[in-house]
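Reading through the structure tokens given below for one structure.
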Amino acid sequence: MIDASPVDNKDLWETPDHIYKPLNEKFHFTLDPCCTIETAKCNLFFTPKEDGLKQDWGSEIVFANPPYSRGNIDLWVEKFFDNREHQTIVALLPVSTSSDWYQKYCLGNTIYRLD
């Protein structure tokens, strides 16, 4: 278990299997670009040390549970948006419809929605 402050908890939260497994069955993820070694969901992954924001994701099928802390999530959502033409990206994002990142990158740009 990771000992983390409340802000860090937003950045290190592990996706529960009951959420990840059905998504993986549908999309067959190949890359987890924002995780720790302990929370990685794919064989190919980037930890904070490798900094997935700076990495080329190629044509991988991406599962992302990005850091939610202010400033971090903005950078990740921008990376998702910039790579949307080249790969499938499924990202778990908090409901934050008034945030700048939501208004700029998500509103009107969702390609696939799970109901």
Run down the lysines and flag those whose C-alpha is under 23 Å from the C-alpha of LYS54, throwing out any fewer than 8 positions away in its chain.
LYS10, LYS41, LYS79, LYS104
Added length on full extension, which subtracts the Cα-Cα distance from 0.36 nm per residue, LYS54 to LEU92:
11.7 nm
Three principal axis lengths of the range 9-86 [C-alpha, angstrom, descending]
30, 30, 19
Interchain or long-range residues, amide H under 5 Å from SER69's placed H:
ASP11
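What does the charge dipole of the range 22-115 about its Cα centre add up to, to the nearest 20 debye, if the Cβ of each Lys and Arg holds +1 and the Cβ of each Asp and Glu holds -1?
Dipole size: approximately 160 debye.
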Within the range 55-90, list the residues whose amide N lies under 16 Å from a label point set 7 Å along Cα→Cβ of LYS104.
69-84
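Read-outs: derived from the displayed coordinates by stated rules, not from any lab. Keep in mind it's a predicted model, so treat the numbers as computed, not measured. Using ideal geometry, Cβ is built from the backbone for each residue, glycine included, and neighbour counts are taken over all protein chains shown.
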